[in-house]
Amino acid sequence: MGKLRIEPKIKPILDEAEFGFYKTILHEAKRKAQKNIVFWDMDPGEDIKQTKKAFAWVAEKEGINLTVRAKRGSHTLTLSFKDTPGQKKQGKRISAEECIHRITGALRNSDSPLNKSQIVSAAGISSSTWNVRVKEMLAKGKISKKGSGRQTTYYLP
């Protein structure tokens, strides 16, 4: 007769001792990362993919917002920490009307025609949003353009 054996559905990639080791290193690295660039130089024979995975896994469990990158041509990892731990960047969507209002406001406040980057910066919108809205606004006659390519400038008619 057999016996019952129970194993976790998802096995952790590190045991408790390894987890503690990486956790200590991450907390020290985060503390020192405020004024420095942090690297992890690997020992010969150490698997770079497995180490990168271990750092990322421990950071996730600890709520540390970490990016781990392998440095090309070397056996080194770069550890980059963000200020807001455990939070992903969440953008706020603005309506088409709000976007058009911001663009026309930026042009209204300017004494001369503006190029795309100046409008995007002044309106606080993304470049991809600009690409969609500029076509609509030009078609409706809300704005006009002068020039072509990189020399294109926009103004209120």
Among what's in region 117-126 and is small (Gly, Ala, Ser) and in contact with a helix residue (DSSP H, G or I) (Cβ under 6 Å, 6 or more places away or on another chain), pick the residue that is surrounded by the most Cβ atoms within 10 Å (Cβ to Cβ). 123
How many residues of region 35-46 are open to solvent by 80 Å² or more (accessible area, probe 1.4 Å) and outside any strand (DSSP E or B)? The answer is 6
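This table checks each residue for (1) touching a helix residue (DSSP H, G or I) at 6+ places or on another chain (Cβ under 9 Å); (2) acidic (Asp, Glu); (3) not in a helix (DSSP H, G or I).
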| residue | (1), (2), (3) |
| --- | --- |
| 2 | no, no, yes |
| 19 | yes, no, no |
| 52 | no, no, no |
| 56 | no, no, no |
| 68 | yes, no, yes |
Residue check, residue 32 basic (Lys, Arg) and either exposed (fewer than 15 other Cβ atoms within 10 Å of the Cβ) or in contact with a Ser or Thr (Cβ under 8 Å, 6 or more places away or on another chain) (or both): yes
What is the number of the single condition among (1) in a loop (DSSP other than H, G, I, E, B); (2) open to solvent by 40 Å² or more (accessible area, probe 1.4 Å); (3) at pLDDT 90 or above that residue 138 does not meet? (1)
Is one or more of the residues making up region 80-98 outside any loop (DSSP other than H, G, I, E, B), more than 30 Å from residue 27 (Cα to Cα) and open to solvent by less than 80 Å² (accessible area, probe 1.4 Å)? yes
Only one of 23, 61, 71 that is free of Cβ contacts under 8 Å to residues at least 60 places away in the same chain, more than 18 Å from the chain's Cα centre (by Cα) and surrounded by 16 or more Cβ atoms within 10 Å (Cβ to Cβ): 23
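The values are calculated or read from the model by the stated rules, or taken from the named source; none is laboratory data. All figures in this text were calculated on a predicted structure; none of them were measured in a lab. Here the Cβ is made from the backbone with ideal geometry for all residues, glycine too, and neighbour counts use every protein chain on show. Just the protein is used for accessible areas: all its heavy atoms, side chains included, with ligands, DNA and RNA removed. Shrake-Rupley method; radii C 1.70, N 1.55, O 1.52, S 1.80 Å.
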